[in-house]
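This report refers to the structure that appears directly beneath it.
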Amino acid sequence: MPPSPYTTVGRPKSLAAFERAQRLIPGGVNSPARAFGGVGGTPLFIANAHAQFLEDLDGHRYLDFIGSWGPMILGHCHPKVVEATTAALHRGTSYGAPCEAESELAALVIDAVPTVEMVRFTSSGTEAAMSALRLARGFTGRDVVVKFAGCYHGHVDSLLVSAGSSALTLGVPNSPGVPADTVKDTVVLRYNDPQQLADLFAAKGDRIAGVMLEPIAGNMGLVTPTPEFRKALRDLTHKHGALLIYDEVMTGFRLSYGGAQQLLGDTPDVTALGKIIGGGYPVGAYGGRADVMKRVMPAGPVFQAGTLSGNPVAMAAGIATLTELKANPPYERLEKLSAKIEAGFTAACRERNIPHRFNRVGSMWTLFFTGTPVTDLDTAKTSDTDRFARFFWAMMDRGVYLPCSQFEAAFTCGAMTDADIDATVRAAAESVALL
Ligand code: KE4
């Protein structure tokens, strides 16, 4: 990957750090989404993060619109999260035995997410999605699962087909190492296509264990579901006895305190969660109807386990984060700040006659460089990714850190101020002029 001209200027410490990391870690990163594969150049190595800011090794400070890919809705080092985790550290970091913090966070999640009656914690969103899928198959006794092109549910073998996020960015939607047998029961449909879903159920309805989707998608860039699509999902899964699984790892506690399902008024059977519920620590969760969740071992026969599931320090971070979100909901202010970004970015593109689509729900948004309405993976892929890469680096050089791919959602941070948003809009106007 040739170093971008941007990164050789003024960021030599990141360059050196990346060169060292590449000798030690595949691709120099512990997750491909961070490798800047979609924008070229060298990933910036972060020295520290506070509130709405990231600071790289070379001392440059950026407004952080990636927020660790979603978790940091309150901003970095939120005092209440720091206080809670510091206290937890001194009580021991991992027990391998139950503790009350797990029930406390479970109670907060159940109180917040409308359809979750019981919940099990994992250590990542991938584990949550994988376990939800196994549970659907175990509960129904069926094998076929349905996902949608452009939706990403973590690196679950049976779901790494037309995955979104970095798999899409890196142009390898079907990963090597996934045996054909593993995905033979995975059907991939088009997002927002109710007819295709109806046709599948007509043909295989009695074999479908579950249908999994991002209820508001972020991993092909931000894509919203049509009411017709959502109605078909719920009606067809009900009619045929399949489980409807909402992957809210990204949207949970992000779009409202009750997630996308509360915003939309939807009633999935199982929900996968992650990111914000860990407040920056490794936490995933899956939950839903009590009759379904009671099939999870040791209450039921469906196996799932994890050494660090329910980790007491991670639980403390999640409890502090959700308690703060409940006591001081940031959603109205995030809506206002994000609406200003949408207005400013679209005005800048219009002024320069640059084809664009700005998709947004609350504080999740994507500026697509295409003139085509973006409603699914195919239309997302009409975007000019080279233009996005130039925009990304131009914004970075103006102190704004965006997601390093056209096919991701940006996250407005709760610690951002009106002045931060005004600066971001100014940076966009200058950057768009260079495209
Ligand atoms: P994790 O295993 O990365 O915690 O969660 C997987 C996952 C599941 N479901 C949804 C809807 C997700 O967005 C994710 C992870 N999101 C990506 C970015 N879009 C994480 C970034 C990365 O892989 O480094």
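The values are calculated or read from the model by the stated rules, or taken from the named source; none is laboratory data. Treat the numbers as computed from the prediction; the structure is a model and nothing was measured. We place every Cβ from the backbone using ideal geometry, glycine too, and count neighbours over all the protein chains shown.
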*Identify, from the list ASN359, ASN311, the residue that is of a type outside the set (A, V, I, L, M, F, W, C) and more than 23 Å from ASN219 (Cα to Cα).*
ASN311
*Among the residues of region 187-207, is any without any contact (Cβ under 8 Å) to a residue 40 or more places away in the chain and either in a strand (DSSP E or B) or under 29 Å from THR385 (Cα atoms) (or both)?*
yes
_Just to be sure I understand, how many residues within region 400-417 are among the small types (Gly, Ala, Ser) and within 13 Å of the ligand (Cβ to nearest atom)?_
3
*asked:* Which residue is surrounded by the fewest Cβ atoms within 10 Å (Cβ to Cβ), if the candidates are limited to region 212-244 and must be among the charged types (D, E, K, R) and away from the ligand (no atom under 15 Å from the Cβ)?
replied: LYS239
*Subset of region 394-426 (residues that are in contact with a Gly (Cβ under 7 Å, 6 or more places away or on another chain) and surrounded by fewer than 22 Cβ atoms within 10 Å (Cβ to Cβ))*: ALA415, VAL425
*Is region 119-126 home to any residue that is under 25 Å from TYR257 (Cα atoms), among the hydrophobic types (A, V, I, L, M, F, W, C), assigned by TED's automatic domain parsing to the domain that holds GLY205 and assigned to a loop (DSSP other than H, G, I, E, B)?*
no
*asked:* Is it the case, given these coordinates, that GLY284 is of a type outside the set (A, V, I, L, M) and on the phi > 0 side of the Ramachandran plot?
replied: no
*For ALA97, state whether it is modelled with pLDDT of 95 or more and either part of a helix (DSSP H, G or I) or not assigned by TED's automatic domain parsing to the domain that holds GLN304 (or both).*
no
_Condition first: surrounded by fewer than 22 Cβ atoms within 10 Å (Cβ to Cβ), at pLDDT below 90 and either more than 24 Å from the chain's Cα centre (by Cα) or closer than 18 Å to ASP376 by Cβ (or both). Can you find one or more residues in region 203-211 that meet it?_
no
*Here are GLY318, GLY344, GLY300, GLY310: which of them is at positive phi and of a type outside the set (A, V, I, L, M)?*
GLY310
_Looking only at region 43-60, how many residues end up being in contact (Cβ under 8 Å) with a residue 40 or more places away in the chain and over 19 Å from ASP420 (Cα atoms)?_
4
_Hits in region 394-420 (condition: over 16 Å from HIS356 (Cβ atoms) and either basic (Lys, Arg) or more than 22 Å from the chain's Cα centre (by Cα) (or both))_ = ASP397, ARG398, GLY399, THR417, ASP418, ALA419, ASP420
*On the given criteria, is PRO215 part of a loop (DSSP other than H, G, I, E, B) and either closer than 30 Å to PHE369 by Cβ or among the acidic types (Asp, Glu) (or both)?*
yes
_Selection status of ALA107, buried (at least 16 other Cβ atoms within 10 Å of the Cβ), more than 15 Å from GLY259 (Cβ to Cβ) and at pLDDT 95 or above_ = no
*What strands (runs of 3 or more DSSP E) lie completely within region 224-293 and have 3 or more residues being in contact (Cβ under 8 Å) with a residue 24 or more places away in the chain and outside the structural domain of VAL146 (by TED's automatic domain parsing)?*
none
